[in-house]
Amino acid sequence: MNSRLICAVIAAALTAVTLHVSAQAPTGASGLKVVARIAGPDGGWDYTSFDPARRRVYIAHGSAVLMIDADTGQLNAAFAEGSHLHAVVPVPGTTLIVTTNSGDNTARVISATDGRLIASVPAAKDTDSAVYDPAGGDVVVIGGDSGEITLVDPKAAKAVGSIPIGGDLEFGDVDGKGKLYVNLSDKHEIGVVDIAARKLLARYPMPDCVRPTGLALVAGGRVISACANGVAEILDAASGRVIASLKIGERPDAVIYDRRRALAYIPSGLTGTLAVIALSGPADNTIIDTVPTQVGARTGTVDPRTGRIYLPTAQYVLPVPAGQRPTPKPGTFEVLVLGR
């Protein structure tokens, strides 16, 4: 996530918000509630991902990849080293993961077995989010401020192409057939990219959306974009037509897709809530629950087997001085685990 937006996520209204513990809240229609809290070391965090082959949660956490065993809850607080980490991408069918590091603008190819560094691949400036493309076998690395995408072949451990888009880019997702859908944050649009042709095919406008961040492609040929102003836009992926515009919490930074349960989850950092969207049919785009979480919980991932959701967060020092970044309270970083 763009560092300027991270500041805005919390500082804009944090002094007026009371942190709440959701374990005491009544269970809503989704049945979700906080069932565990896994404490971790101090430090910032960004995207979270799930490795189904190894049953692991990975969290990009400053200078280290945190790894949680999903079956035991055991935390490895220093699984792999990084430099201002943003994303951790498991590469299917291999023993590799790829991390993005804006501290040195690299994509690092790492052994999923022991966290050992295999190669450090130069990537676009402000190396931020990333996603694996099964159609081409590459990891699509998105440079946020640079507006450029770097394609990294994880097996060859090298960059194999770049795609200049321009503007501020946020999260993206692939359709498995060679297309990338990526949030064009400063334009309030979704860009459609032909990965093999290395070009932007279309721009889908979202008039009600301010600074889109999280994004996911879901069943029924739909794409969901989470917007900083507390709106989730659901579009037809083929045409860009807006299917639904839903009110969610403010300052989200991820759309978490649970394919098995036909649900999407959007965590909102400013309001400390998780919107649960039903997606069982093409016409079913309904928020069925808003689950209390904690202020700061803006990214996360889901375990496809159990349906448990993992949301990193921390408490903050109040009040936040004007113009400054919020500071997490020492000793308060944790991963919320939501279950049914």
Item to complete: Tell me which residues, restricted to the stretch 281-305, are of a type outside the set (D, E, K, R), loosely packed, with under 14 Cβ neighbours inside 10 Å and either in contact with a helix residue (DSSP H, G or I) (Cβ under 7 Å, 6 or more places away or on another chain) or not in a strand (DSSP E or B) (or both).
Response: Gly281, Pro282, Ala283
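Return the residue satisfying two criteria in turn: it lies in the stretch 79-110 and is assigned to a loop (DSSP other than H, G, I, E, B), small (Gly, Ala, Ser) and crowded, with 19+ Cβ neighbours inside 10 Å, and of such residues it is nearest to the chain's Cα centre (by Cα).
Going through the qualifying residues, I end up with Ser102.
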Worksheet item: Which of the residues belonging to the stretch 244-261 are surrounded by fewer than 17 Cβ atoms within 10 Å (Cβ to Cβ) and either of a type in the set (A, V, I, L, M) or within 12 Å of Ala297 (Cα to Cα) (or both)?
Response: Ala244
Practice prompt. Please enumerate the residues belonging to the stretch 18-40 that are modelled with pLDDT of 80 or more and either in a loop (DSSP other than H, G, I, E, B) or in contact with a His (Cβ under 8 Å, 6 or more places away or on another chain) (or both).
Written response: Gly28, Ala29, Ser30, Gly31, Leu32, Gly40
Item to complete: Tell me which residues, restricted to the stretch 112-127, are surrounded by 15 or more Cβ atoms within 10 Å (Cβ to Cβ), among the aliphatic types (A, V, I, L, M) and over 14 Å from Thr94 (Cβ atoms).
Response: Val121, Ala123, Ala124
Discussion item. Looking at Ile149, Ile224, can you tell me which residue is assigned to a strand (DSSP E or B), crowded, with 19+ Cβ neighbours inside 10 Å and assigned by TED's automatic domain parsing to the domain that holds Thr94?
Written reply: Ile149
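The values are calculated or read from the model by the stated rules, or taken from the named source; none is laboratory data. Note that this is a predicted model, so its numbers are computed, not measured. Note: ideal-geometry Cβ built from the backbone for every residue, glycine included; neighbour counts use all protein chains shown.
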